[in-house]
Amino acid sequence: MEDCEQLLAARSEERRLNGHCRWSTHSLESKVVEDFRRRLKYFFMNPCEKYRARGRKPWKLMLQILKIAIITVQLVSFGLSNEMMVTFKEENLMTFRHLFLKGYKDQRLGSYALYTKADVYDHIYYIINRFISLQNLTVGNLAYEMVDGKHTPLSVCQEFYRNSSIDPGNETFDIDPHIYKECISIYPAQSFDNSSLPTHVNFSLDFKRLLSVSIYLTLKTINLQTVRHHELPDCYDFHIMIVFDNRAHSGKIKVDVENDVRINECRDWNVEGTSDKNDYLLLLFDSVVILACFSSLILCTRSVINGIQLQFEFNIFFHAYYNKIVSWSDRMEFVNGWYILIIVSDTLTIAGSALKIGIQTKCLTNYDVCSILLGTATMLVWVGVIRYLGFFRKYNILILTLRAAFPNVIRFCCCAAMIYLGYCFCGWIVLGPYHDKFRTLDKVTECLFSLINGDDMYATFLKMRDKSYMVWLFSRLYLYSFISLFIYMVLSLFIALITDTYETIKHHQQDKVPVSQLEAFIAECRDQPESGRYQTDEEAASGCLSPCCCFG
């Protein structure tokens with residue numbers, strides 16, 4: 001702010017001498033103005049030019065390159081561990097379906113269903129018998145859960161309306177919509193054969209009132225495959241729920257298996273021929289990542305704050321010397337979006353690395369949250385590489401085009417989204433009951449987005465052929481109009497919008513004409529980075545040996 005006071009004082013003196021304000025050669029040649037212009041030009045230099053101008057080493061640049069390497073290595077390491085965990089959960093879920101669903105074959109979700117009362121009872125008793133004799137059946141390391149020295153029982157619960165009298169023949173019914181729930185428990189120690197099970201299990205179903213039957217059981221296992229990758233195995237608790245869904249009362253009872261997994265640290269373990277050295281090295285590596293990201297966070301935050309302060313100084317200067325208000329587009333030039341991107345990436349990496357340390361020490365089991373944080377952080381780090389490619393003139397045109405086209409692209413997408421949402425709601429209401437791809441609103445958005453990209457068009461048309469004539473005719477009008485509108489018009493306009501921005505940027509680069517007041521003001525400075533005129537008096541005297549100088 002001292003510079004601003006000097007600028008204001010100098011400008012007041014000029015006004016006293018000249019009596020008017022104009023952009024003249026005489027005023028621009030004053031020492032204060034030239035120093036401030038040179039300061040602005042230095043601020044917008046790239047790290048290599050700053051090094052030639054003041055000899056300051058590009059620590060932020062070197063730190064970002066280091067971060068790219070170590071964060072990518074960290075992500076790959078965690079990704080392999082996360083993949084083993086997810087694969088283990090999915091394979092166990094498939095195992096449970098084959099163990100407890102009678103006659104189950106690998107098929108698409110939702111296609112396993114029962115249609116007779118005898119089949120429902122038979123499948124329930126089948127699940128109970130398989131649970132009791134599990135130890136003699138499974139090839140995996142499955143075991144019953146123990147609580148206070150006792151096995152956790154299998155629970156069979158049914159939900160039904162409290163009272164109902166239904167007579168479809170006379171088209172009459174009397175129903176109480178309040179829902180009751182009854183459960184019975186069966187312990188693994190009990191032993192039944194198939195013929196005596198119905199007599200020992202007091203369980204009956206009233207299918208006219210029945211809403212659902214849910215069978216709950218808990219099994220435990222250990223993921224041993226991580227030993228081969230020098231990681232300690234985790235202990236898993238599988239809380240399994242087998243649901244017989246009769247809420248539609250359509251004569252079709254859907255059966256599905258749901259699985260809630262909880263990962264715990266094993267109580268007592270011993271792996272021959274291993275030591276804690278690998279674990280300590282991984283923890284040390286994660287700590288290095290956190291330290292590097294924290295340093296980058298501090299440096300980038302400092303640069304953003306300096307840019308905001310310089311923006312205020314430029315605004316005061318421009319108003320004092322030229323009696324003009326700096327536009328918001330020029331003011332935003334001082335806020336470096338790449339630094340903000342790096343700050344967000346560093347924050348996510350620090351949080352993800354802390355979670356990863358908790359997972360490795362078996363204190364936490366938030367694999368999904370950790371993978372989202374580390375994955376997003378790595379994506380932002382690699383996107384940030386574009387900033388350094390922008391230092392080269394031929395690569396910079398991509399960044400300039402994206403930045404210039406972004407406001408128009410957002411406005412265009414908002415208008416196109418109104419049309420898109422209209423088609424989504426229309427397709428969901430009209431075609432949803434007849435077409436799987438339009439059954440829910442999220443499926444509609446996915447289907448229409450795929451159609452815009454030309455995917456699966458014929459299959460979408462084909463599935464409507466056997467429906468009612470009116471719906472079939474409407475589906476043709478709906479699909480043809482949507483595809484024609486979005487592929488031939490909306491996408492073409494979208495591409496033309498970006499192409500027009502690209503041509504404009506290219507012409508500006510060829511003509512080298514300043515496009516803003518800020519650029520025009522800085523362009524008056526002809527000093528090259530090697531001229532030595534960018535060094536401050538303190539830097540020239542000390543040879544730029546202070547820590548603050550090095551981290552500029």
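If only residues of the range 89-112 that are open to solvent by less than 30 Å² (accessible area, probe 1.4 Å) and at pLDDT 90 or above are counted, the one that is farthest from residue 247 (Cα to Cα) is 92.
Kindly indicate the residue of the range 74-85 that is touching a residue at least 60 places away in the same chain (Cβ under 8 Å) and of a type in the set (A, V, I, L, M) and also least open to solvent (accessible area, probe 1.4 Å) among those meeting that condition. Going through the qualifying residues, I end up with 85. Considering only residues in the range 434-447 that are basic (Lys, Arg) and buried (at least 16 other Cβ atoms within 10 Å of the Cβ), the one that is modelled with the lowest pLDDT turns out to be 437.
Selection of first residues in the range 323-351 that are farther than 18 Å from residue 74 by Cα and of second residues that are of a type in the set (Phe, Trp, Tyr) and open to solvent by 50 Å² or more (accessible area, probe 1.4 Å), restricted to Cβ pairs under 8 Å at least 6 apart or on distinct chains, gives the following pairs, ordered by first then second residue: 333/44; 334/43.
Residue 173 satisfies every condition listed in (1) open to solvent by 70 Å² or more (accessible area, probe 1.4 Å); (2) within 39 Å of the chain's Cα centre (by Cα); (3) aromatic (Phe, Trp, Tyr) except (2). Checking the range 459-476 against the condition returns no match, with no residue being under 18 Å from residue 420 (Cβ atoms) and of a type in the set (A, V, I, L, M, F, W, C). Here is a check on your reading of the model: is residue 283 open to solvent by less than 50 Å² (accessible area, probe 1.4 Å), within 26 Å of the chain's Cα centre (by Cα) and within 23 Å of residue 353 (Cα to Cα)? When the stated conditions are applied, residue 283 passes them.
Does residue 206 satisfy the condition of being assigned to a loop (DSSP other than H, G, I, E, B) and modelled with pLDDT of 85 or more? Here the answer is yes, as residue 206 does meet what is asked.
Considered as a group, the residues in the range 226-242 that are at pLDDT 90 or above and surrounded by fewer than 16 Cβ atoms within 10 Å (Cβ to Cβ) include one that is farthest from residue 159 (Cα to Cα), and that residue is 237. For the range 343-383, a residue qualifies if it is open to solvent by 20 Å² or more (accessible area, probe 1.4 Å), out of contact with any Phe, Trp or Tyr (no Cβ under 9 Å at 6 or more places or on another chain) and of a type in the set (Val, Ile, Thr), and the qualifying residues are 343, 344, 347, 357, 361, 365, 369, 372, 376, 383. When residue 258 is tested against (1) open to solvent by 70 Å² or more (accessible area, probe 1.4 Å); (2) modelled with pLDDT of 90 or more; (3) closer than 30 Å to residue 406 by Cα, just one condition goes unmet, and that condition is (3). Taking the criterion of being open to solvent by 70 Å² or more (accessible area, probe 1.4 Å) and polar (S, T, N, Q), the only residue of the range 155-164 that qualifies is 163. The residues of the range 42-73 that are open to solvent by less than 50 Å² (accessible area, probe 1.4 Å), under 30 Å from residue 317 (Cα atoms) and in a helix (DSSP H, G or I), listed by number, are 42, 47, 50, 53, 54, 60.
Would you check which residues across the range 113-154 are touching a Leu at 6+ places or on another chain (Cβ under 6 Å) and open to solvent by less than 30 Å² (accessible area, probe 1.4 Å) and list them? Correct list: 120, 131, 142, 154.
The set of residues in the range 235-254 being touching a residue at least 40 places away in the same chain (Cβ under 8 Å) and either under 23 Å from residue 93 (Cα atoms) or touching a Gly at 6+ places or on another chain (Cβ under 8 Å) (or both) consists of 236, 237, 238, 240, 242, 244, 253, 254. Scanning the range 52-72 for residues that are free of Cβ contacts under 8 Å to residues at least 12 places away in the same chain and touching a Phe, Trp or Tyr at 6+ places or on another chain (Cβ under 8 Å) turns up just one, 58.
Of all residues in the range 286-309, those satisfying the criterion of being among the polar types (S, T, N, Q), at pLDDT 90 or above and surrounded by 14 or more Cβ atoms within 10 Å (Cβ to Cβ) are 295, 296, 301. Within the option set 205, 217, 224, being among the hydrophobic types (A, V, I, L, M, F, W, C) and touching a Leu at 6+ places or on another chain (Cβ under 7 Å) holds for one residue only, 217. Tell me whether the range 426-442 contains one or more residues that are in contact (Cβ under 8 Å) with a residue 12 or more places away in the chain, of a type outside the set (S, T, N, Q) and touching a Cys at 6+ places or on another chain (Cβ under 7 Å). Looking for residues that are in contact (Cβ under 8 Å) with a residue 12 or more places away in the chain, of a type outside the set (S, T, N, Q) and touching a Cys at 6+ places or on another chain (Cβ under 7 Å), one finds at least one in the range 426-442, hence yes. Restricting 515, 471, 490 to those that are open to solvent by 80 Å² or more (accessible area, probe 1.4 Å) and either modelled with pLDDT of 90 or more or of a type in the set (A, V, I, L, M) (or both) reduces the list to 515. When residue 223 is tested against the conditions (1) modelled with pLDDT under 90; (2) open to solvent by 10 Å² or more (accessible area, probe 1.4 Å); (3) closer than 24 Å to residue 146 by Cα, the lone failure is (2).
Could you go through the range 425-433 and let me know if any residue there is loosely packed, with under 13 Cβ neighbours inside 10 Å, aromatic (Phe, Trp, Tyr) and modelled with pLDDT under 90. Checked against the condition, which is being loosely packed, with under 13 Cβ neighbours inside 10 Å, aromatic (Phe, Trp, Tyr) and modelled with pLDDT under 90, the range 425-433 yields no hits at all.
The values are calculated or read from the model by the stated rules, or taken from the named source; none is laboratory data. Everything numeric in this text was worked out from a predicted model, so none of it was measured. In this analysis, Cβ positions are derived from the backbone assuming ideal geometry, glycine residues included, and neighbour counts consider all displayed protein chains. For accessibility, only protein heavy atoms count, side chains too; no ligands or nucleic acids. Shrake-Rupley method; radii C 1.70, N 1.55, O 1.52, S 1.80 Å.
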